[in-house]
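Take a look at the structure set out below.
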């Protein structure tokens, strides 16, 4: 990485008023986007089934319909289709949807009932990978109908995955309070593992491939900070880890999530926690929670456009991007979607 960091760009800006979703989902809630539509999936408790809502670019509801699932686990756009993972009748299934949200294929995955970490999807370079960890600390990778299983050392607490030109890279939080470990899987075999430097007391890992390496983001519990590191394909650091944002004590950061990735930037969301004025039922101070958005410049490893979200995200916060429009879906007293215009100039 060379050159001076660019001047900070303008914050993300709201592109319209908040709108209510056409149903009130319970977490987890998932989002994926095509070039023309946003798709949001979640379980509707009143109907006891999963509902898929399709939204037009302006955020207005284009329609919603039930899916043959009882819960959802992950959702991602893979080429010209969208894959949705979920469960029905004790089975874990993969639904493949077209751009209108119609089911074009439905398959049962070889996943038993002893899941420790829910299945995730990694798409890219012409491949689709589905990854999960079971209660016996076994990592399973399903790629192009080939299933590979590996024994892991230490307790896997969290998992992030990314497709690479050579296969798949995984990033897991190991143990409590946790450190990060990266694993490289190629042709059904683990080709390398490496601890991530300076990642003690890490949680909420984010992983993505970019050009010729991997971007890693996480929260450092000890530093109350969002940290960034870049690794080469061989998992060797290309630069020292750096802090992108710190919360001044007694504030903290509850979680960190990736809402979208492009070649230029990663859109991240996190929740800042500050001491509140109220008390809970036991007389303990309650926390004041503020969700925020920002852009991570992938070339320079810098954070731009920190933008508070002025709506509660008590139950969930998810999002996806279509062009320069970011859809953020969050649940508190009501399921709401917000649209943000992303300044890319």
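Coordinate-derived values only; no laboratory data. Quantities reported herein were computed from a predicted structural model and do not represent experimental measurements. A quick note on method: Cβ atoms are made from the backbone with ideal geometry, for glycine too, and the neighbour counts reach across all protein chains shown.
Is the shape of region 160-279 rounded, prolate or oblate, going by the alpha carbon gyration tensor and its root eigenvalues a ≥ b ≥ c, with a/c under 1.5 for rounded and a/b larger than b/c for prolate?
Since a/c reaches 1.5 and a/b is larger than b/c, the shape of region 160-279 is classed as prolate.
For a quick check: sort 224, 138 by the number of other beta carbons within 10 angstrom, fewest at the front. Show your work: numbers first, answer last.
Values: 224 19, 138 15.
Ascending Cβ contact count within 10 Å gives the list 138, 224.
Separation between the residue 44 and residue 106 pseudo-spin-labels, each 7 Å from Cα along Cα→Cβ, expressed in nm?
1.7
So for the pair residue 35, residue 299, with labels modelled 7 Å out along Cα→Cβ, what separation do we get in nm?
About 2.5 nm separates the two model spin labels.
For residue 314 and residue 137, what does the FRET efficiency come to when R0 = 35 Å and r is the distance between their Cβ atoms, rounded to the nearest 0.05?
It comes out at approximately 0.60.
Between residue 61 and residue 264, what's the calculated FRET efficiency when r is the beta-carbon distance and R0 is 30 Å? Round to 0.05.
0.50
What FRET efficiency do you get for residue 200 and residue 234 if R0 is 22 Å and r is their Cβ-Cβ distance, rounded to the nearest 0.05?
Working: r = 22 Å, r/R0 = 1.02.
According to the calculation, E is roughly 0.45.
Fewest first, what order do 48, 19 take by the number of other Cβ atoms within 10 Å?
48, 19
Assign one of three labels to region 1-150, namely rounded, prolate or oblate, based on the Cα gyration tensor with a ≥ b ≥ c the square roots of its eigenvalues; rounded applies when a/c is under 1.5, prolate when it is not and a/b is larger than b/c, and oblate otherwise.
Here region 1-150 falls in the oblate category.
Based on other C-beta atoms within 10 Å, arrange 129, 210, 65 from fewest to most.
Working: 129 22, 210 17, 65 11.
Going from least to most buried by this count: 65, 210, 129.
Starting from the Cα-Cα distance between residue 292 and residue 125, subtract it from 0.36 nm times their residue separation and give me the gain in nm to one decimal. All intermediate terms of the calculation are to be shown ahead of the outcome.
Values: separation 167, 0.36 × 167 = 60.12 nm, distance 3.11 nm.
Length gained between residue 292 and residue 125: 57.0 nm.
Take residue 149, project a point 7 Å from its Cα along the Cβ direction, then tell me which residues of region 107-143 have their backbone nitrogen under 15 Å from it.
Once the point is set 7 Å along Cα→Cβ of residue 149, 109-117, 131-143 turn out to lie under 15 Å by backbone N, inside region 107-143.
Which parts of region 192-230 would a label at residue 251 reach, counting a residue when its backbone N lies under 19 Å from a point 7 Å out along Cα-to-Cβ?
So the set is 218-228.
Hey, of [x] 23.0, 93; [y] 19.6, 56; [z] 22.3, 76, which did the structure itself give for Rg and Dmax of the Cα atoms in Å when calculated?
Comparing each candidate, only [y] matches the computed number.
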